[in-house]
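Before any comments, here is the structure.
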Amino acid sequence: PRSYLRSSQCDDDDEYDLDIEKIKKSQKKPLTPKEEKKLKRKERKAAERIEKERLKAYAEMKAREGRRKELEKVLRVMELERDLQGKGRKRKVGETEEGVGIFKWRRQRKR
């Protein structure tokens, strides 16, 4: 039999609650030292797994943020290239840190 409680039986947000005191209370007979050692090992393993998943989620979030920034940069360059192909006089005013030019268009009178 499993010696941990499903999350529906406890208030925690984790999938399984591995709190030794709650498990002791939920069981009819007291735990032997061997069983208690097993529970502590399970609790430690669960904590390690949760920490590993948390670090993995942060790494994924950081990677997504990097991809988002890279895509925004490419989008700005593509928009600039599209605008430069259009009509009108333009001149280069400066450059950004990424090496993308900053242009200024001459005003055209409205007809």
Practice problem: Just reorder LYS42, LYS92 by solvent-accessible area, largest first, 1.4 Å probe, all chains present. | Solution: LYS92, LYS42
Quiz item: Within the P(r) computed for segment 68-111, what percentage of the Cα pairs occupies the region above 16 Å?
Solution: 44 percent
Quiz item: Taking the alpha-carbon set of segment 29-100, what are its Rg and Dmax in Å?
Solution: 27.2, 88
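The values are calculated or read from the model by the stated rules, or taken from the named source; none is laboratory data. Model, not experiment: these values are computed from the prediction. Heads up: the accessible areas ignore ligands, DNA and RNA and are worked out on the full protein's heavy atoms, side chains in. Shrake-Rupley method; radii C 1.70, N 1.55, O 1.52, S 1.80 Å.
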